1. Counting Lys and Arg as +1 and Asp and Glu as -1, each charge on the Cβ, what is the dipole of the chain about the Cα centre in debye, to the nearest 20?
2. Where only protein heavy atoms count, and the probe is 1.4 Å, what is the accessible area per residue for the chain in Å²?
3. At each listed q (0.11 Å⁻¹), what is the log10 of I(q)/I(0) that the Debye formula gives for the chain modelled as equal alpha-carbon point scatterers?
4. Which of Ser69, Pro9, Ala29 sits closest to the plus end of the dipole of segment 9-101, meaning its Cα is farthest towards the positive end, when Lys and Arg get +1 and Asp and Glu get -1 on the C-beta?
5. For the chain, what is the mean residue ellipticity at 222 nm derived from helices alone (per DSSP H run of n ≥ 4: -39500 (n - 2.57); sum divided by total residues; nearest 500 deg cm²/dmol)?
6. May I ask you to list the trypsin sites (Lys or Arg not before Pro) in segment 1-101 that are in a DSSP loop and have at most 10 other Cβ atoms within 10 Å of their Cβ?
7. Which cysteines does the chain leave without a neighbouring Cys Cβ under 4.7 Å?
8. Using a 1.4 angstrom probe on the protein heavy atoms only, line up His79, His39 by accessible area, largest first.
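The values are calculated or read from the model by the stated rules, or taken from the named source; none is laboratory data. Values in this document were obtained by computation on a predicted structure and should not be read as measured data. All Cβ positions, glycine included, derive from the backbone under ideal geometry; neighbour counts span all protein chains shown. Accessible surface is based on the protein model in full, side chains and every heavy atom, while ligands, DNA and RNA are left aside. Shrake-Rupley method; radii C 1.70, N 1.55, O 1.52, S 1.80 Å.
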Amino acid sequence: MLTTWVVMPTCLPLVLRRCHTCASDRFRADGKFRVNANHKLLDIWLLVLCTACGETAKLTVLERTPVRSVRPELLDRAHHNDPALAAELLQDPVVRRRNRIALDWNDAWRLDTGGSDHLDREMIDVSVRFAARIPVRPVRLIAEGFLLSRAEVERLVTEGKLVSMTRLSSRLSGDFTFTLKH
């Protein structure tokens with residue numbers, strides 16, 4: 001029987017970028033946007049706040065873009081400070097590369113295993129799905145899902161009782177499956 005686990009975001013991740021005021025390296029995004037029009041050109045920024053001093057920084061979403069080439073729903077969502085749009089844009093590699101930022105997902109996600117009835121089965125096949133591109137080690141997910149230590153999960157891997165086509169020791173942000181034999 002195949003069990004499905006889901007890695008879900010609980011909040012927006014922290015943005016890793018240096019603050020020009022206090023030299024902190026963490027910013028909090030709360031879904032606020034700034035839209036600026038200069039004749040027929042638009043700028044859209046995602047506003048982030050320094051976690052140490054509260055200084056506001058702007059992450060460029062669009063810069064000097066002709067109004068006619070901006071999707072109306074994007075503009076509407078930015079005007080209404082849509083937090084889901086902020087989550088989408090923080091996941092976008094183009095936005096991250098343009099602004100030279102990285103994301104810190106610590107304490108910003110949870111694992112939904114669908115209950116604890118899987119803990120006592122002799123053999124279990126698990127499919128792990130990611131609701132967002134959250135980089136996490138599969139060993140950590142398996143340890144959390146089965147209430148084991150990471151060392152115990154590593155031991156199960158070396159004994160051949162935990163099998164996956166995916167490498168379990170490196171960070172993943174995409175779906176994978178594994179089989180555990182008790």
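1. So the magnitude is around 880 debye.
2. With all protein chains present, the chain gives 59 Å² per residue.
3. The Cα Debye sum returns log10 ratios of -0.61.
4. Ser69
5. Counting only the DSSP helices, I get -6500 deg cm²/dmol.
6. Lys40, Arg100
7. Cys11
8. Correct descending sequence by accessible area is His39, His79.
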